[in-house]
Amino acid sequence: MTKDTTTAERINPFFLHYDTPHETVPFDKIRLEDYEEAFMEGIRRDDEEIEKTINNPDEPTFENTIVRRDDEKDDHYYDLLGRVSTVFSNMMSAETCDELDALAQKMSPILTKHANDVSLNPRLFERVKYVYEHHGELTPEEQMLLDKCYDGFVRSGALLDDAGKERLRQLTEEASLLSLQFSQNLLKENKAFELHITDENDLEGLPDTAREAAAEAARERGKEGWVFTLDHPSYSPFMTYNHRRELRRQLYMAKNTECTHDNSENNLEICKRLINLRRELAQLLGYDTYADYVMKHRMAGSAANVYKLLHELIDAYKPTAIEEVNEVQKMTDEKLEPWDFSFYCHKLQMERYNLDSEMLRPYFQLEKVIEGVFGLANRLYGITFKENAQIPVYHPDVKAYEVFDRDGSYLAVFYADFHPRKGKQSGAWMTEFQGQWIEKEHRTAKGELRKEKNVRPHVSVVMNLTKPTPEKPALLTLGEVETFLHEFGHSLHGMFANTRFESLSGTNVWWDFVELPSQFMENYAVEREFLRTFAFHYQTGEPLPDELIDRIIRSRNFMAAYGCLRQVSFGLLDMAYYTKSNAFDDDIKTFEKEAWKEAIIMPQLKDTCMTVQFSHIMAGGYAAGYYSYKWAEVLDADAFSVFKREGIFNQQTAQRFRDCVLSRGGTEHPMTLYKRFRGGEPTIDALLERNGIKRKVKE
């Protein structure tokens, strides 16, 4: 325990029952020093619980071995390590600082060692194995949990000999540290750069929103003029509108050479090492490549099936993508360089559709977008959101909401963190501070009878959307509205969770299925009926004109083929690294350019490098899995085609989607869940049709 400034003895808030609305995390009471203390005590309690399990004289059963490991929530006592780990990891992404970074470096090997101690504990695995081989009749969900638990031990090295187990420890501990270092380097490089402009002529072409945001960024740094950063709300408008080609080049090169410089934030060797560590780990466990190891728990099933999908997409989209780039090239007499692409794309879009994101911004005030997204959820599923200022948050930017189901019952807590700031990673993601599970009736350690309870989730979406300025509220682009819908789709997957076991609830599904609910929601961004519910001018209150909506709909496939190939190129790069069976010692930059060249149309530059900032596959859990976005896009287009046929707001269809997919988590094979909703397996046809590609393929 630590001493407060008062004479009273202070107890670490992680040790206590959370005396907050819905037992939410008491962010207002947590101090930096609380984390390490809670981590170490959590490890001690976890070890204590494991000892109780392995010393149980009773025959191992599903309930006393598997359920106890997965779902024991006895007065939060044994859940301490999970509680502190969840908060800490989320803060590392959304609100870090030098002290947290240092603690993460210190705790990483300790936590990895503990995880290995659990998964490599022979007596614990002996009990799990006994249940796996001798269990009685189980429900499908119980069988899925048992399979996941047993396979988790095996995939973590339980069947290895002593030498193999020791090597696995070394590999996982080193990989954990390097993944952390990769992320910290990327955040530092991203936040260290700024383009400081003092001559207003250098802002030529930039809309007022970008100028005002840059002026505010300069004021925050105590500087005159305008400051542009590598955060998306600053970077993207600059690359799209600024007439100064040399300045666009500077910003582009800064963004695309992050973590390649001769400094302590260089990620080149870290990437090489991570690729080799994962390959060696897979081979230690009996797989030829890391991709083979990963694919055992993916809908794709094999690397060959992934490549089949990626090459199908290349064959279908590349001819159109080449045409698209050629049309952009026609907008300038100069050779089209990567820093020119967004600029001339915008000009082409204006020429064809008289439409750009700045025309739409005034109609996408963040507060109205929030109302629109919440209203969409209400219209589909009957749920409602109520902001609750009594729920503690970790930063003033964060809003906390109570979510209620159609019948008025409490469903979830929803946090929303909208804007970029110094200690926040770039990008957008959904996460949880508490998962969902059903707490069965049992007696606590104190002898109290606890009734069955459906413990509801606390989910969070974290984004980097355009900030408000002194002159204007936060006005979003259509792309940012799509981002919000995407992450909100993930959050619905979490909020609707209704399973017995936490490790199978919500987004705890196979990686190439997890993007279905998120990408499904993006479809609504260009639906007229949805836009009419919230898109009103922030000053006049006038609705988004039908003429502009028509242009949005007509332009929805603008550069769609190029965008598809961009995603495919990332999938090819990912697979190229993780299908290697031999040691990787290539030059990262050279290897990258060769690996994805089949899907690349624009010229590649010698010094740029995506790999060193590709968090998804180096530090974010998508290694050998980035193809998942395209795999799930086939699913989301197919699923939305059902809504298009039956009505995009059809509540019966939405309820079926909720019951069959969103609420079931990972309790069954994802294709089983999808087919239960769809009535059959998906095809690529709906995606091609949505992107206007189907006709070209048939000819």
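The values are calculated or read from the model by the stated rules, or taken from the named source; none is laboratory data. The shown structure was predicted, so the numbers you read here are calculated from the model rather than taken from an experiment. Methodologically, a virtual Cβ is constructed for each residue, glycine included, from the backbone with ideal geometry; neighbour enumeration extends over all protein chains shown. All accessible areas refer to the heavy atoms of the entire protein, side chains included, with ligands and DNA or RNA removed. Shrake-Rupley method; radii C 1.70, N 1.55, O 1.52, S 1.80 Å.
The apolar share of the surface of segment 572-629, taken as the fraction of accessible area on carbon and sulfur atoms (1.4 Å probe, ligands and nucleic acids excluded), comes to 47 percent. Enclosing the Cα atoms of segment 594-640 in their convex hull gives a volume equal to 113 cubic angstrom per residue. Positive-end ranking of PRO392, LEU376, TYR415 along the dipole of segment 334-454, with charges on Cβ about the Cα centre, is headed by PRO392.
Contact order for the chain, expressed relative to its length and based on alpha carbon pairs under 8 Å spaced 6+ residues apart, stands at 15 percent.
Between the listed residues LEU673, CYS609, ALA637, the Cα displaced farthest toward the positive end of the dipole of segment 588-679, a dipole computed from Cβ unit charges relative to the Cα centre, is found at LEU673. Overall, segment 588-699 carries a charge dipole of about 240 debye about its Cα centre when +1 sits on the Cβ of Lys and Arg and -1 on the Cβ of Asp and Glu, all other atoms neutral. Taking every Cα-Cα distance in segment 356-464 and sorting them into 10 Å bins starting at zero, the pair-distance distribution P(r) comes out as 12, 34, 31, 15, 6, 2, 0 percent.
Stokes-Einstein at 25 °C, 0.890 mPa s, Kirkwood radius from Cα pairs: D for segment 346-390 in µm² s⁻¹? It diffuses with D of about 189 µm²/s by this estimate. Note on segment 602-655 and segment 258-309: Cα centroid distance 19 Å, given to the nearest whole angstrom.
Based on the convex hull around the alpha carbon atoms, segment 536-684 presents an average projected area of 14.0 nm².
Estimated from helices alone, the mean residue ellipticity of the chain at 222 nm is -16500 deg cm²/dmol (sum of -39500 (n - 2.57) over DSSP H runs with n ≥ 4, per residue).
Can you give me the % of accessible surface on segment 50-170 that is carbon or sulfur? Probe 1.4 Å, all protein chains present, nothing else counted. Of the solvent-accessible surface of segment 50-170, carbon and sulfur hold 52 percent. Over all pairs of distinct alpha carbons, what does the Kirkwood formula give as the hydrodynamic radius of the chain, in Å? Hydrodynamic radius (Kirkwood, Cα pairs) of the chain is 27.0 Å. Extension gain, HIS395 to ASP315: 0.36 nm times the residue separation minus the Cα-Cα distance gives 24.1 nm. Rg of the Cα atoms in segment 468-627, relative to 2.2 N^0.38 Å, amounts to 1.33.
How many percent of Cα pairs in segment 283-388 exceed 16 Å?
Summing the P(r) tail past 16 Å for segment 283-388 gives 77 percent.
Applying 1/(1 + (r/R0)^6) with r as the Cβ-Cβ distance of ASP587 and GLU137 and R0 = 60 angstrom yields a FRET efficiency of 0.60.
Relative to its residue count, segment 600-699 spans a Cα convex hull of 158 Å³ per residue.
Need one number: nm distance between label points at ASP208 and LYS440, each 7 Å from Cα along Cα→Cβ, rounded to one decimal. Modelled inter-label distance: 6.3 nm.
Annotation: segment 479-526 has a Kirkwood hydrodynamic radius of 11.1 angstrom, from the mean reciprocal C-alpha pair distance.
Estimate the FRET efficiency between GLN655 and ASP47 by the formula 1/(1 + (r/R0)^6), using the beta-carbon distance for r and 30 Å for R0, to the nearest 0.05.
Given R0 = 30 Å and the Cβ-Cβ separation, E is 0.10.
The base-10 log of I(q)/I(0) for segment 104-151, evaluated at q = 0.21, 0.28 Å⁻¹, reads -0.75, -0.99 [Debye formula, identical scatterers on Cα atoms, solvent excluded]. Per residue, the chain exposes 42 Å² of accessible surface when a 1.4 Å probe is rolled over the protein heavy atoms with every protein chain present. A full extension of the chain between SER409 and ASN55 corresponds to an added length of 123.3 nm, given 0.36 nm per residue minus the alpha carbon distance.
As a calculated quantity, the FRET efficiency between LYS606 and ARG249 at R0 = 25 Å, using C-beta atoms, amounts to about 0.95. Accessible area per residue (1.4 Å probe, heavy atoms of protein chains only) ranks TYR562, TYR35 as TYR562, TYR35, with the largest value leading. Here's how it looks for GLN434: its modeled amide H is under 5 Å from those of HIS458, which are all 5 or more places away or on a different chain.
Charges were assigned to the Cβ only: +1 to each Lys and Arg, -1 to each Asp and Glu. The resulting dipole of the chain about its Cα centre is roughly 1180 debye.
The charge dipole of segment 557-618, taken about the Cα centre with unit charges on the Cβ atoms of Lys, Arg (+1) and Asp, Glu (-1), comes to about 180 debye, rounded to the nearest 20. Across ARG298, ARG211, the residue with the most accessible area heads the list, and the full order at a 1.4 Å probe is ARG211, ARG298. Quick note on segment 252-309: its Rg to Rh ratio, both from C-alpha atoms and Rh being the Kirkwood radius, is 1.16.
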